[in-house]
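Peer 1: Dropping the structure in here first, questions after.
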Amino acid sequence: MRISERRTSDGGYVGTWTDVTAERMAQHRLRDAIDSLPDGFALFDADDRVIIHNAGFLDAYSSKIKSDVTGQTFEETVRTFVENTMPEAQDPAFDREAWIAQRMARHRNPPREPFEVKWGGDRWMRVSEQRTSHGGYVGIWTDVTEIKRIGQRLQDAINALSDGFALFDAEDRLIVCNEAFRSQSALHGGDDLVGQTMEQILRAFAASDVTDTRARTDLEGWIAQRLQHHRNPQAEPYEQVLTNGRILHISENRTSDGGIVGIWTDVTALKQAERRLEDAIKSLNEGFVLIDKDGRFAAYNERFLQLYPKTAPHVAVGAPSTRCCAKVPARASIPA
């Protein structure tokens, strides 16, 4: 029961008795709901003082903060955290005031999207803060340390790949890549590629010292062709010849969520070996033909065509050999 009493002008009293059971029960339910959250939660008034919070909020900031910080300002909470809990802040070279000022600026002008803050040591926190209609703030603090560790292990694994690797989301923005991708795209550590679209990356690549040879002669045509192949991946890899002589095979595929994953493989040495083999075959005085396991022509030389002119019109890499070789024993010559 809420009782309100006051004196009257003639020296008497007047009072009201209000049943606030339902209101109190609602407050208790709200408190139980907030306390059950796995994340830290706090609500601040227009003066930036805590109205309500849960234990997760205290755990997010400091074990040395008193158990009830209702009425305390956010800056007071942050200062207690920096002075008592944050490992980096114990280093004399650490600029405490600069860190606090930066954190307060972000708190007072919260971004639309959640942001991540290094909480000291190897701990990371994802913070989501928003203004309320009454001029206060509401915030949620989520410990993402384990997620960051998993992400770092994944990044280490990706960086260990000798081939370039890149993953794009459904809006064609880069999510993650490795250093081999940066190197093979002639875009190195100084370029923050994450968040850029494939088109933005291609345009930066075209402007670099080493780029695709076709970008030098027809920039817009090359970008259109490359994006077409990127957004509609084919079974066969895209072959990219660079201005420094290197050759890459790019294999891309759609992911289940509409993104694109790609592997960039340097095949320069393989192509050079293929050319040497082709030169060797061409230099033979004898006719030479190679048929793959599917019965298709894989390689041949000009001398072979000269020796068998009737067969020549049917010979091409990838063409079936059955029209001219079906009845020929394994080691027999092909009749003219």
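What follows is calculated from the coordinates using simple rules that are stated; it is not laboratory data. Given the structure is predicted, the values throughout are model-derived calculations rather than measurements. Here the Cβ is made from the backbone with ideal geometry for all residues, glycine too, and neighbour counts use every protein chain on show.
Peer 1: Going by a ≥ b ≥ c, the root eigenvalues of the Cα gyration tensor, does segment 209-268 fall in the rounded group (a/c under 1.5), the prolate group (a/b larger than b/c) or the oblate group?
Peer 2: Oblate is the answer for segment 209-268, as a/c is 1.5 or above yet b/c matches or exceeds a/b.
Peer 1: Would you work out if segment 88-143 is rounded, prolate or oblate? Take a ≥ b ≥ c from the square roots of the eigenvalues of the alpha-carbon gyration tensor; rounded if a/c is under 1.5, else prolate when a/b is larger than b/c, oblate otherwise.
Peer 2: In terms of gyration-tensor shape, oblate.
Peer 1: Now, a different point. Enumerate lysine pairs in the chain that are 8 or more residues apart or on different chains, then count those whose Cα atoms are under 18 Å apart.
Peer 2: Lysine pairs, 8 or more places apart or on different chains, close enough: 4.
Peer 1: Continuing with the same structure: Please give the calculated 222 nm ellipticity per residue for the chain, where each DSSP H segment of at least 4 residues contributes -39500 (n - 2.57) and the sum is spread over every residue; nearest 500 deg cm²/dmol?
Peer 2: Helix-only estimate at 222 nm: -10500 deg cm²/dmol.
Peer 1: Report the calculated FRET efficiency for T255 and T197 (r = Cβ-Cβ distance, R0 = 22 Å), to the nearest 0.05.
Peer 2: That gives a FRET efficiency of 0.85.
Peer 1: What ³J(HN,Hα) values, in whole Hz, does the Karplus curve 6.51 cos²θ - 1.76 cosθ + 1.60 give for segment 192-204 when θ = phi - 60°, with x put for Gly and Pro?
Peer 2: 7, 7, 4, x, 7, 7, 4, 5, 4, 5, 5, 5, 5
Peer 1: Expected output is a single nm value to one decimal: the length gained when fully extending between T268 and D32, i.e. 0.36 nm times separation in residues minus the C-alpha distance. What is it?
Peer 2: In short, 78.5 nm is gained.
Peer 1: Here's a follow-up. Which length gain, in nm to one decimal place, applies between R214 and R246 when the Cα-Cα distance is subtracted from 0.36 nm times their residue separation?
Peer 2: 10.2 nm
Peer 1: Treating only the Cβ atoms of Lys and Arg (+1) and Asp and Glu (-1) as charged, compute the dipole magnitude of segment 201-310 about its Cα centre; round to the nearest 20 debye.
Peer 2: Using only the charged Cβ atoms, the result is roughly 120 debye.
Peer 1: Mean-square fluctuation check for the chain, GNM, Cα pairs under 10 Å: which of G164, G287, G120 is largest?
Peer 2: G287
Peer 1: List the GluC sites (Glu not before Pro) within segment 150-258 that DSSP assigns to loop and that have no more than 15 neighbouring Cβ atoms inside 10 Å.
Peer 2: Those that pass, being in a loop and sparsely packed, are E171.
Peer 1: I would also like to ask the following. Take every Cα pair under 8 Å in segment 29-151 that's 6+ residues apart, average their separations, divide by the length, and report that relative contact order as a whole percent.
Peer 2: The value is 26 percent.
Peer 1: Something else: Name the residue, out of A101, A316, A235, whose mean-square fluctuation peaks in a Gaussian network model built on the chain with Cα pairs under 10 Å.
Peer 2: A316
Peer 1: Let me ask you something else. Once you put a point 7 Å from the Cα of D95 and another 7 Å from the Cα of D292, both along the Cβ direction, what distance in nm separates them?
Peer 2: 6.1 nm
Peer 1: Ok, one more. Using R₀ = 35 Å, calculate the FRET efficiency as 1/(1 + (r/R₀)^6) where r is the Cβ-Cβ separation of E179 and Q102; round to 0.05.
Peer 2: Once rounded, the FRET efficiency stands at 0.75.
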